[in-house]
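Take a look at the structure set out below.
The values are calculated or read from the model by the stated rules, or taken from the named source; none is laboratory data. All values derive from a computational prediction rather than experimental measurement. Backbone-built Cβ (ideal geometry, glycine too); neighbour counts: all protein chains shown.
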Amino acid sequence: MKTLLDLRVSAKLNELHDLAAKQQQHDFGSITNAERFMAVSPEQGRFLNFIAGLNKSQHIVEFGCSFGISGIYLASAAKDNQGHLITTELEANKAGTAIQNFSEVGLSDLIDVRIGDAIQTLSDVTKADLLFLDGAKDLYLPVFKLLYPKLTANALVIADNIDKPATHDLVDFIRSSDEFTSVTLFDDRMLVAYRQA
């Protein structure tokens, strides 16, 4: 059975998506970054799980863990692929909640949660066949350049929220590269790039 269909996983994802939706109904200005859900939608999450499974990704790296929603989708695919997930989060309280969420769905043994500045926390990554960028938008290109030497042939690079101007340097870099074929999805908010072998 696919891990995403596990009752613990699906129930936790439903709970977290409900919390994120309720928070969005309130004034975002009164919520600090440390408290704010910055989550993928259920559709985006299922896409991440699907594409990681399709690509048989085993070495998944995520920049921007938040409370762990996208991490659960990615780690579920990693489990199905006999792989693992490295994820990083600047806000310690968010990372702590994510760790608890990962434990509740039985995925902790597959996930390495790193707390702090991603340029430091991801500096020792040795291999990535899927890189998901969903943290501070102005760090998309620096994190990509840090991990570029570690990307495998046929690696996927997925960047969320590319409608934000701070992400445009990454988007331009990938689109101008002969190594990558890319498309945008979800109303042009998500870039999906495939590194050609």
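If the requirement is being of a type in the set (Gly, Ala, Ser), over 19 Å from VAL113 (Cβ atoms) and within 16 Å of the chain's Cα centre (by Cα), which of these qualifies: GLY53, GLY68, GLY45? Walk me through how you get there before you give the answer.
Details: GLY68 fails: over 19 Å from VAL113 (Cβ atoms); GLY45 fails: over 19 Å from VAL113 (Cβ atoms).
Exactly one residue qualifies, and that residue is GLY53.
Quick one: LYS127 ticks every box in (1) in contact with a Pro (Cβ under 9 Å, 6 or more places away or on another chain); (2) charged (D, E, K, R); (3) over 25 Å from LEU19 (Cα atoms) bar one, so which box is it?
Condition (1) is where LYS127 drops out.
Where residues in the stretch 95-138 are under 13 Å from the mean Cα position of the chain (by Cα) and assigned to a loop (DSSP other than H, G, I, E, B), which of them is farthest from LYS56 (Cα to Cα)?
ALA136
Filter the stretch 74-93 down to residues that are out of contact with any helix residue (DSSP H, G or I) (no Cβ under 8 Å at 6 or more places or on another chain) and either within 26 Å of LYS137 (Cβ to Cβ) or modelled with pLDDT under 95 (or both), then give me how many there are.
So the first thing to find is which residues in the stretch 74-93 are out of contact with any helix residue (DSSP H, G or I) (no Cβ under 8 Å at 6 or more places or on another chain), and the list is 82, 86, 91-93.
Then keep just the ones that are either within 26 Å of LYS137 (Cβ to Cβ) or modelled with pLDDT under 95 (or both); that gives 86, 91-93.
Going through the stretch 74-93 one residue at a time, the tally reaches 4.
Inside the stretch 176-189, can you point out the residues that are farther than 18 Å from LEU147 by Cβ and either in contact with a Lys or Arg (Cβ under 7 Å, 6 or more places away or on another chain) or surrounded by 13 or more Cβ atoms within 10 Å (Cβ to Cβ) (or both)?
THR181, THR184, LEU185, PHE186, ARG189
Go through LEU48, LEU19 for me and flag whichever is crowded, with 20+ Cβ neighbours inside 10 Å, in contact (Cβ under 8 Å) with a residue 12 or more places away in the chain, in a helix (DSSP H, G or I) and not aromatic (Phe, Trp, Tyr).
On the way: LEU19 fails: crowded, with 20+ Cβ neighbours inside 10 Å.
Just a single option satisfies the conditions, and that option is LEU48.
Kindly indicate which of GLY96, GLY53, GLY106, GLY71 is at positive phi and at pLDDT 95 or above.
Details: GLY96 fails: at positive phi; GLY53 fails: at positive phi; GLY71 fails: at positive phi.
None of the others qualify; the one that does is GLY106.
Checking PHE37 against (1) assigned to a loop (DSSP other than H, G, I, E, B); (2) surrounded by 14 or more Cβ atoms within 10 Å (Cβ to Cβ); (3) at pLDDT 95 or above, only one condition comes out false. Which one?
Among (1) assigned to a loop (DSSP other than H, G, I, E, B); (2) surrounded by 14 or more Cβ atoms within 10 Å (Cβ to Cβ); (3) at pLDDT 95 or above, PHE37 violates only (3).
Enumerate the pairs (first residue in the stretch 112-128 and in contact (Cβ under 8 Å) with a residue 60 or more places away in the chain; second residue anywhere and outside any loop (DSSP other than H, G, I, E, B) and hydroxyl-bearing (Ser, Thr, Tyr)) with beta-carbon separation below 8 Å, excluding pairs fewer than 6 apart on the same chain, so at least 6 apart or on different chains.
What qualifies is LEU122/THR88; LYS127/THR152; ALA128/THR152.
Considering each residue of the stretch 144-173, count those that are over 18 Å from the mean Cα position of the chain (by Cα) and among the hydrophobic types (A, V, I, L, M, F, W, C), and give that number.
2
Tell me the residue from ALA197, ALA166 that is of a type in the set (Gly, Ala, Ser), at pLDDT 95 or above and either surrounded by 13 or more Cβ atoms within 10 Å (Cβ to Cβ) or at negative phi (or both), please.
Details: ALA197 fails: at pLDDT 95 or above.
Being of a type in the set (Gly, Ala, Ser), at pLDDT 95 or above and either surrounded by 13 or more Cβ atoms within 10 Å (Cβ to Cβ) or at negative phi (or both) holds for just one of ALA197, ALA166, which is ALA166.
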